[in-house]
Amino acid sequence: MTHNNSAQGYVADPRNENVLVYVDGNLVPRSKATVSIFDSGFVLGDGIWEGLRLIDGRIVQLEAHLDRLYEGATSIALDIGRSRDKLKAAIHATLDANGMKDGAHIRLMVSRGLKSTPNQDPRFVIGKATLVIVAEYKAPKPEAKAKGLALFTSTFRTSSPDVFDLRLNSHSRLNLIQALIQAINAGADEALMLDPRGFVASCNSTNFFVIRGRELWTSTGSFSFKGLTQRAVIDSWRANGGAVFEKDFTLAEAYSADEAFVTGTLGGVTPVVRIDGRMIGAGKPGPVTAEVSDVYREWILH
């Protein structure tokens, strides 16, 4: 299977055909990993998830990811039904069963569980939340970092917390998928999304930064994801003596940036070289982005 250049693109790995998937306490071959059509996640997208990265035997920012998962569950009144330690044990059991030590990406998914009938009402849930853990060997496509990504500004806006809180890592992603479809049809790799006021928010699956001089600018987070890689980039750059501003900025300011990049769990720091057909800076991955990437990687591994 081939995937075009994308912030979510990865190198195909034949080992993934034989991975075992964790489904509610059982480890099963991926071809047999199923949930019911009456599951809340399938019926409504009623669930939450986390993407985790295994590097050199360590799950990057594990505690922060679990904090976000449990916070999200609380916000939608979803009882995960497992303690934090049980959840960690399930993740490690999945990695151990697959003999994974490095270069794995883990998708941890929790839905509200099985329903007696397909409707919205959470009172029709039977039993406890559904827990699925998919661990696969995934490496970002090297050409994404070597060539950089092209973004397209979508007409779909990110939403405010009273409409749909993007800081909740929900299974419901349709608005973001619609934005990505626009970007793909426009020949780009990822969608850049504005907030309801017209300021730059984030991309459809990643957080967005511009570089002006040696300053990093990213959005305030009022209308975008609570990105853990974004936070690690901010913290590591500041700890290294650099300036980061979490602020409102416009598309015009993005177009005139010296460099730009996106952040995400899978890709880490990925350069952006074009937005809406316009060349950003020199139109190739820049030196400050490379430095930001090195500082971030050093930060998460120590």
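Miscellaneous remarks
- Calculated on C-alpha atoms, the gyration radius of the range 147-218 divided by its Kirkwood radius gives an Rg/Rh of 0.98.
- Cα-projected label distance for residue 124 with residue 89, points at 7 Å along beta-carbon direction, nm: 3.4 nm
- Within a Gaussian network of the chain (alpha carbon springs, distance under 10 Å), most fluctuating of 221, 241, 51: 241
- Difference of contour (0.36 nm per residue) and Cα-Cα distance, residue 186 to residue 245: 18.2 nm
- Heavy-atom accessible surface of the range 8-164, averaged per residue, reaches 50 Å², computed with a 1.4 Å probe.
- Between 172, 202, 83, the Gaussian network model of the chain with springs among Cα atoms under 10 angstrom shows the greatest mean-square fluctuation at 83.
- Sorting 302, 65, 171 on solvent-accessible area from highest to lowest, probe radius 1.4 Å, gives 302, 171, 65.
- Carbon + sulfur, % of accessible area of the chain - ligands and nucleic acids excluded, 1.4 Å: 54 percent
- Nearest 10 degrees, 0 to 90: helix 228-239 Cα axis against the chain principal axis: 40 degrees
- Cα convex hull, the range 158-302: 105 Å³ per residue, rounded to a whole number.
- Alpha-carbon gyration tensor eigenvalues x 5, square-rooted, for the range 256-302, Å: 22, 11, 6
- On Cα atoms only, tilt of 174-185 relative to the major axis of the chain in degrees: 50 degrees
- Each residue of the range 64-76 is assigned a 3J(HN,Hα), and the resulting list reads 5, 5, 5, 4, 5, 4, 5, 5, x, 4, 4, 5, 10 Hz, derived from the Karplus form 6.51 cos²θ - 1.76 cosθ + 1.60 (θ = phi - 60°), x at Gly and Pro.
- Over the Cα atoms of the range 45-204, the radius of gyration divided by the Kirkwood radius equals 1.00; this is the Rg/Rh ratio.
The values are calculated or read from the model by the stated rules, or taken from the named source; none is laboratory data. Just so it is clear, the model here is predicted, and its values are computed rather than measured. Every residue, glycine as well, gets a Cβ built from its backbone with ideal geometry; the counts of neighbours run over all protein chains shown. All accessible areas refer to the heavy atoms of the entire protein, side chains included, with ligands and DNA or RNA removed. Shrake-Rupley method; radii C 1.70, N 1.55, O 1.52, S 1.80 Å.
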